[in-house]
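Report on the following structure.
The values are calculated or read from the model by the stated rules, or taken from the named source; none is laboratory data. Being a predicted model, the structure only gives us computed values, none of them experimental. Here the Cβ is made from the backbone with ideal geometry for all residues, glycine too, and neighbour counts use every protein chain on show. Keep in mind that these areas ignore ligands, DNA and RNA; they rest on the heavy atoms of the full protein, side chains included. Shrake-Rupley method; radii C 1.70, N 1.55, O 1.52, S 1.80 Å.
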Amino acid sequence: QVRLVESGGGLVQAGGSLRLSCAASGSIFSINVMGWYRQPPGKQRELVAAITRISSTNYADSVKGRFTISRDNAKNTVYLQMNSLKPEDTAVYYCNADIWAVTMPKFIDYWGQGTQVTVSS
């Protein structure tokens with residue numbers, strides 16, 4: 001069973017930093033794009049950052065210059081380094097990856113359970 005597990009969320013003051021991690025496990029054949037989404041209270045889910053297999057990246061305008069996404073293909077893990085955090089960054093952050101499982105010969109989106117990030121003013 002393929003699964004994604006996030007870690008690293010928590011409480012932090014404005015201007016502080018957090019580093020999120022997401023590890024994929026299970027019978028994995030290949031992983032294509034990996035990324036982070038977030039859902040603030042009362043708002044729609046939005047893309048934060050994405051990264052390809054060869055580390056080409058894409059960021060939402062709201063986090064550009066403050067957040068950095070990276071991945072370790074050997075560990076099937078994606079990271080999100082968040083610096084200069086603002087109260088508006090408060091949200092549940094979800095890991096996403098399109099994975100080719102051994103049991104399914106095509107890429108399918110998988111989601112983690114989410115990790116809470118709360119930034120106080």
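Per residue, segment 13-54 exposes 54 Å² of solvent-accessible protein surface, assessed with a 1.4 angstrom probe and all protein chains in place.
The distance from the alpha carbon centre of segment 73-121 to that of segment 14-61 is 4 Å, rounded to a whole number. Divide the volume of the convex hull around the Cα atoms of segment 30-97 by the residue count and you get 81 Å³ per residue. Using C-alpha pairs under 8 Å with a sequence gap of at least 6, the mean separation divided by the residue count of the chain gives a relative contact order of 36 percent.
Each Lys and Arg Cβ is given +1 and each Asp and Glu Cβ -1; about its Cα centre, segment 2-69 then shows a dipole of about 20 debye. With kT/(6 pi eta Rh) evaluated at 37 °C and eta = 0.692 mPa s, and Rh the Kirkwood radius from Cα pairs, the chain diffuses with a coefficient of 227 µm²/s according to Stokes-Einstein.
You can think of it this way: the chain between residue 107 and residue 19 has 29.0 nm of extra reach, that is 0.36 nm per residue less the Cα-Cα gap. Expressed as a whole percent, the accessible surface of the chain that belongs to carbon and sulfur atoms is 49, based on a 1.4 Å probe.
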